[in-house]
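Right, one structure below, let's go through it.
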Amino acid sequence: MISREEALDLFRSDDLIGIGMEADAVRRRWHPEGIVSYIIDRNINYTNFCTEYCTFCAFYRPMGHAEGYLLPKETIFEKIRETVDLGGTGVLMQGGLHPDLKIEWYEDLFRGIKQRFTIHLHCLSAPEVTNIAEVSGLSLRDTIRRLMDSGLDSIPGGGAEILDDAARHRISRLKCSTQEWMDVHHTAHQLGMRTTATMMFGCGETIEQRMNHLELVRNLQEETGGFTAFIPWTFQRENTSLGRFVKEEATAVEYLQTLAIARIYLSNFENVQSSWVTQGLKTCQLGLRFGGNDVGSIMIEENVVAAAGAHHCSTEEELRRIIRDAGFIPKQRDTLYRTYFLN
Ligand code: SF4
């Protein structure tokens, strides 16, 4: 494992190709067979009402806003029915932090889904879980336990942004702290649930703050082994208030360098994702030689990054083509990154 100082040196280096080759070597150690995976699933954003006012977010609407919504459960069931019909194996369901939805609302929803469908529920980012615990007057452990009992299968890494409280104070001062994000994932891992770790960078943070983030998730992975993957992406500035201050989005070089350093530093993570949704297909394809072994989802629906200006779209056929063209074998996976039972 490389040290924090060595990783910081890589951030200061301009040897992009050398860093990429090092990351590719780590990728090859985990995936010598050259498989690059993807998933067919659907993002469902059950509500855009939110009380947190994150400055990088173009998705939320304050309570009472005319454009705010809370999807009826029947609509959610209908979206899942369509997902299953299209060969989807999972649902990634996230929303704003709604102050009126107690745990019973989520339990009823998850039970209703599991009664109707065989589908993996990858739902509720750490800030949502913290919010549900708070609104319901429950401990974190009891909240996650009850959500698991009602059908929640895993927790996505959303809401991490940069795990450094000074950086969070600038971009999401009301949302959960670094420690609270870590506590949700730690508790979930202790209860036997897998989660993912994400990082949204390029929002004005320093490389030291990026390293603080990487160090925290590496240490937790060392302790629990509960993360299935690390998924970095860049801040999308369109329609956001933070976009008035951060005038330039991260370039492809910055993305590839950070992706590669994450792959090298997080050598205890089996999977690292190269994102086409925020970076576009061509940069995503290059990312497969900068440490990425997964391209994420053929998204049947995505609202959050689309609201902030990422409008890339693709098909399963196109993703398989870019994977093959980069010299890899495309394979569909499930939410837990298992490819063995799919084509
Ligand atoms: S990022 Fe999430 S918590 Fe922050 S304002 Fe948007 S919906 Fe709310």
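The values are calculated or read from the model by the stated rules, or taken from the named source; none is laboratory data. Everything numeric in this text was worked out from a predicted model, so none of it was measured. Backbone-built Cβ (ideal geometry, glycine too); neighbour counts: all protein chains shown.
Name the one entry in 191, 220, 214, 259 that is touching a Pro at 6+ places or on another chain (Cβ under 7 Å) and either at pLDDT 95 or above or more than 17 Å from residue 127 (Cβ to Cβ) (or both).
On the way: 191 fails: touching a Pro at 6+ places or on another chain (Cβ under 7 Å); 220 fails: touching a Pro at 6+ places or on another chain (Cβ under 7 Å); 214 fails: touching a Pro at 6+ places or on another chain (Cβ under 7 Å).
After ruling out the rest, the residue left standing is 259.
For residues that are among the hydroxyl-bearing types (Ser, Thr, Tyr) and more than 28 Å from residue 86 (Cβ to Cβ), scanning just the range 26-59, find the one that is surrounded by the most Cβ atoms within 10 Å (Cβ to Cβ).
At the first step, the residues of the range 26-59 found to be among the hydroxyl-bearing types (Ser, Thr, Tyr) are 37-38, 46-47, 51, 53, 55.
Adding the requirement that they be more than 28 Å from residue 86 (Cβ to Cβ) leaves 51, 53, 55.
Working: 51: 14, 53: 13, 55: 16.
Once the filter is applied, the top-ranked residue is 55.
Could you list, in sequence order, the residues of the range 46-67 that are among the small types (Gly, Ala, Ser) and touching a residue at least 60 places away in the same chain (Cβ under 8 Å)?
58
Residues are listed down the side, and each one gets a yes or a no for (1) of a type in the set (Lys, Arg); (2) modelled with pLDDT of 95 or more; (3) within 16 Å of the ligand (Cβ to nearest atom):
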| residue | (1), (2), (3) |
| --- | --- |
| 67 | no, yes, yes |
| 96 | no, yes, yes |
| 114 | yes, yes, no |
| 122 | no, yes, no |
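Find the helices (runs of 4 or more DSSP H) located wholly in the range 236-290 whose residues include 2 or more that are over 16 Å from residue 200 (Cβ atoms) and hydrophobic (A, V, I, L, M, F, W, C), and list them.
In the range 236-290, the matching helices (runs of 4 or more DSSP H) lie at 252-265, 281-287.
The test for being more than 16 Å from the ligand (Cβ to nearest atom), at pLDDT below 95 and not small (Gly, Ala, Ser) holds for residue 86.
Just so you know, in the range 197-206 the residues that are free of Cβ contacts under 8 Å to residues at least 60 places away in the same chain and out of contact with any helix residue (DSSP H, G or I) (no Cβ under 7 Å at 6 or more places or on another chain) include one that is surrounded by the most Cβ atoms within 10 Å (Cβ to Cβ), and it is 198.
Condition first: on the phi < 0 side of the Ramachandran plot, within 13 Å of the ligand (Cβ to nearest atom) and of a type outside the set (S, T, N, Q). Can you find one or more residues in the range 72-82 that meet it? The answer is no, given that none of the residues of the range 72-82 is on the phi < 0 side of the Ramachandran plot, within 13 Å of the ligand (Cβ to nearest atom) and of a type outside the set (S, T, N, Q).
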